[in-house]
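The values are calculated or read from the model by the stated rules, or taken from the named source; none is laboratory data. Everything numeric here is computed off the predicted structure, so don't read it as measured data. No Cβ is skipped: glycine too gets one built from the backbone with ideal geometry, and neighbour counts run over all protein chains shown.
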Amino acid sequence: MNTEGELLRFRREDSGYVDQTSVGGKAVDMTTRSGVLYIIMETGDVQLRRTTDFDLIGSFKVPGAADVAVATNGVIWLRIGKEVRAFNPDGSPRAEVIEGLEDPSDISIAHDGRLIVCDNGTRCQVLFYNLVGAPRLEAEFGKRGGLRAGIPGVVEGEPLKLWAIRGAGTDAEGNLYVAFGKNMSIIRKYDRNRKLVWEVQSLFFVDATSILPSSEGTVIYGREEIIKYDYNAPPGQRAWKLYAVTADFDRNPEDARKDPAGMGRIREVDGHRLLFVSGMQTGPMSIFYWNTNLNGEIALDTGLRKGPGWAYWADSRANVWYTEGSQIVCEPLTGFHREGIPIYGPRKTFPIPPEFRSVERIVYDPSNDTMILTGFTHDHPDPGGAWGLVGTEIFAYDDWSKAPQPRWRTKIPFKTWPGGSAPEMIMPKCIDIAGDYLFVAYVWRGVGEGNNPPVRIYRRDNGSFVGELRPGGVVGTAHGWIDMVQAISAFKRSNGEYVILVEEDYRGKNVLYRWTPR
């Protein structure tokens with residue numbers, strides 16, 4: 001299936017499709033058996049079509065049908081709500097039914113004729129049913145409890161932990177393949193003895209990460225991932241591995257992170273971890289916390305939403321900053337409830353400096369009371385033609401919380417105009433600070449720039465330009481598809497090395513730069 005309501009047929013060695021057939025609406029699942037294609041429509045209609053010409057040879061309706069598998073004897077099995085029921089090819093119901101499932105998500109027929117059922121309920125397992133006579137559960141695969149088994153959330157060294165299961169099937173030799181993940185995609189192959197053979201992961205798409213400060217750069221947090229990074233890995237060897245998944249959407253379907261796009265900015269304060277999750281564009285940020293005694297590495301939603309608009313920031317002490325009208329607002333973190341939920345005190349407000357028409361980004365450093373503001377100024381206003389950008393100028397201030405003193409201002413490369421196209425424009429998208437430097441990431445620019453936009457580096461003490469970072473051919477032919485307001489994070493390691501993480505929409509990745517100033 002390609003476009004809604006259209007069935008396309010391809011040859012494996014050719015990128016073009018052979019033919020196209022309308023099926024009359026949106027399809028939700030399909031499978032084949034003995035030259036017949038079985039299609040489940042969103043309406044509950046079950047279509048039977050010849051695989052040779054896609055001609056319709058039969059149909060019947062089963063309201064609520066969402067998935068289909070066809071046994072070797074031609075019996076059609078349909079997933080309907082929390083049950084799996086059997087039907088004859090003419091649509092007449094049979095007596096066989098599988099009940100007692102909590103949250104079935106997929107069905108298929110194994111190489112040995114058994115019915116495979118993926119259940120995302122509290123067990124989070126792949127179930128195998130013998131279909132001779134009345135269906136009976138014959139085997140189950142996966143660690144019972146899924147993501148919450150053992151230490152909740154931890155998946156490193158846990159090849160039998162499954163969660164958000166999307167599908168499972170076997171090949172002719174009996175090897176098992178399982179696909180799972182909510183906003184991420186993971187596929188695993190297990191051999192006949194159910195030992196892990198290989199695993200492929202695609203964890204990100206419009207998802208930005210940040211470093212846990214106490215980890216010396218070795219632990220990286222996304223919106224729903226914790227990743228370990230090995231700086232000593234030899235070239236050509238993968239340096240990262242997934243340590244934990246912090247979102248359990250099966251148990252917490254209303255988790256704010258169900259929207260897959262955005263930034264996960266981790267902060268540590270007085271032994272507490274707080275994850276500030278921002279959306280793809282404007283705020284507010286959703287704040288998550290950990291109660292490891294009860295939930296391991298599963299992050300819990302505080303219910304707090306902070307920082308509306310385009311300019312919002314959680315500083316290293318987890319104070320929240322944002323603009324509101326003509327003011328810059330700070331909501332200070334004042335403590336924690338016993339279970340780890342943060343407490344915020346009365347708002348503090350500061351006037352937006354008069355040079356600005358609009359403030360687009362805020363970065364405050366509580367360690368030295370310095371403020372970085374970016375935006376459009378009276379001297380360099382917004383020329384139009386784009387949206388959600390850093391602005392045309394960067395300002396730095398000392399003693400911000402007492403009596404703000406301007407330290408420097410600098411105009412940064414910026415070029416947009418009404419009616420212009422993105423590949424021709426120069427568009428700074430996001431900023432962060434670490435150590436002695438400020439980093440500005442630019443958006444993809446197109447063929448004219450070699451698909452090679454930079455991360456520009458500036459000194460924090462005087463605003464002078466230092467240089468640029470680009471990833472080179474290691475990421476392919478294009479990069480810089482930055483799709484978020486908060487899409488960069490920077491960290492200084494104790495050895496003087498800087499680590500800069502930048503979100504990349506293109507091919508779903510984050511780029512990790514390692515830079516040591518001369």
* Checking Leu162 against (1) surrounded by fewer than 20 Cβ atoms within 10 Å (Cβ to Cβ); (2) at pLDDT 95 or above; (3) under 23 Å from Gln201 (Cβ atoms), which test does it fail? -> (1)
* **Failed item in (1) touching a His at 6+ places or on another chain (Cβ under 9 Å); (2) surrounded by fewer than 15 Cβ atoms within 10 Å (Cβ to Cβ), with Gly157 passing the rest** => (1)
* Which of the residues belonging to region 202-227 are modelled with pLDDT under 95, out of contact with any Pro (no Cβ under 9 Å at 6 or more places or on another chain) and outside any loop (DSSP other than H, G, I, E, B)? -> Ser202, Ala208
* Asked: Failed condition for Lys258, given (1) more than 25 Å from Ala434 (Cα to Cα); (2) loosely packed, with under 15 Cβ neighbours inside 10 Å; (3) over 15 Å from the mean Cα position of the chain (by Cα), with all others met?
  -> (3)
* To do: Output the number of residues of region 93-133 satisfying the condition of being assigned to a strand (DSSP E or B) and in contact with a strand residue (DSSP E or B) (Cβ under 7 Å, 6 or more places away or on another chain).
  => 22
* Residues of region 470-498 classified as closer than 16 Å to Val440 by Cα and without any contact (Cβ under 8 Å) to a residue 24 or more places away in the chain, total -> 1
* Selection from region 181-235 of residues that are of a type in the set (D, E, K, R), out of contact with any Gly (no Cβ under 9 Å at 6 or more places or on another chain) and farther than 16 Å from Ser494 by Cα -> Lys182, Arg188, Lys189, Arg194, Lys195, Glu199, Lys228
* Asked: Given the structure, is Arg194 at positive phi, surrounded by fewer than 19 Cβ atoms within 10 Å (Cβ to Cβ) and either part of a loop (DSSP other than H, G, I, E, B) or not assigned by TED's automatic domain parsing to the domain that holds Asp171 (or both)?
  -> yes
* Out of (1) among the charged types (D, E, K, R); (2) over 21 Å from Asp301 (Cα atoms); (3) outside any strand (DSSP E or B), what's the single condition that is false for Glu199? -> (3)
* Single condition Val277 does not satisfy, out of (1) over 22 Å from Arg305 (Cβ atoms); (2) not in a loop (DSSP other than H, G, I, E, B); (3) not small (Gly, Ala, Ser) -> (1)
* Determine if region 484-492 includes at least one residue that is under 24 Å from Ser214 (Cα atoms), over 23 Å from the mean Cα position of the chain (by Cα) and surrounded by 15 or more Cβ atoms within 10 Å (Cβ to Cβ). => yes
* Across region 307-322, what is the total count of residues that are under 19 Å from Asp369 (Cβ atoms) and crowded, with 19+ Cβ neighbours inside 10 Å? -> 9
* Looking only at residues in region 205-226 that are of a type in the set (A, V, I, L, M, F, W, C) and buried (at least 22 other Cβ atoms within 10 Å of the Cβ), which one is nearest to Cys124 (Cα to Cα)? -> Ile226
* Which pairs have Cβ atoms under 8 Å, sit 6 or more apart or on different chains, and link a residue in region 234-256 that is farther than 20 Å from Lys161 by Cβ to one that is assigned to a loop (DSSP other than H, G, I, E, B) and not polar (S, T, N, Q)? -> Ala239/Asp230; Ala239/Tyr231; Ala239/Ala233
* Applying the selection to region 129-147, what residues are under 33 Å from the mean Cα position of the chain (by Cα) and crowded, with 20+ Cβ neighbours inside 10 Å? -> Gly142, Gly146, Leu147
* To do: Output the number of the condition that Glu99 fails; it satisfies all remaining conditions of (1) surrounded by 14 or more Cβ atoms within 10 Å (Cβ to Cβ); (2) within 27 Å of Gly146 (Cβ to Cβ); (3) without any contact (Cβ under 8 Å) to a residue 24 or more places away in the chain.
  => (1)
* To do: Mind counting the residues in region 134-146 that are assigned to a strand (DSSP E or B) and of a type in the set (A, V, I, L, M)?
  => 2
* Report the residue count in region 57-97 for those that are more than 34 Å from the chain's Cα centre (by Cα) and within 16 Å of Arg136 (Cβ to Cβ). => 8
* Starting from region 175-198, take each residue that is under 16 Å from Cys124 (Cα atoms) and list its partners that are of a type in the set (D, E, K, R) and surrounded by 19 or more Cβ atoms within 10 Å (Cβ to Cβ), counting only C-beta distances under 6 angstrom and pairs at least six apart or across chains. => Val178/Arg188
* To do: State whether the residues of region 397-413 include one that is in the same structural domain as Asn462 (by TED's automatic domain parsing), of a type in the set (Val, Ile, Thr) and free of Cβ contacts under 8 Å to residues at least 60 places away in the same chain.
  => yes
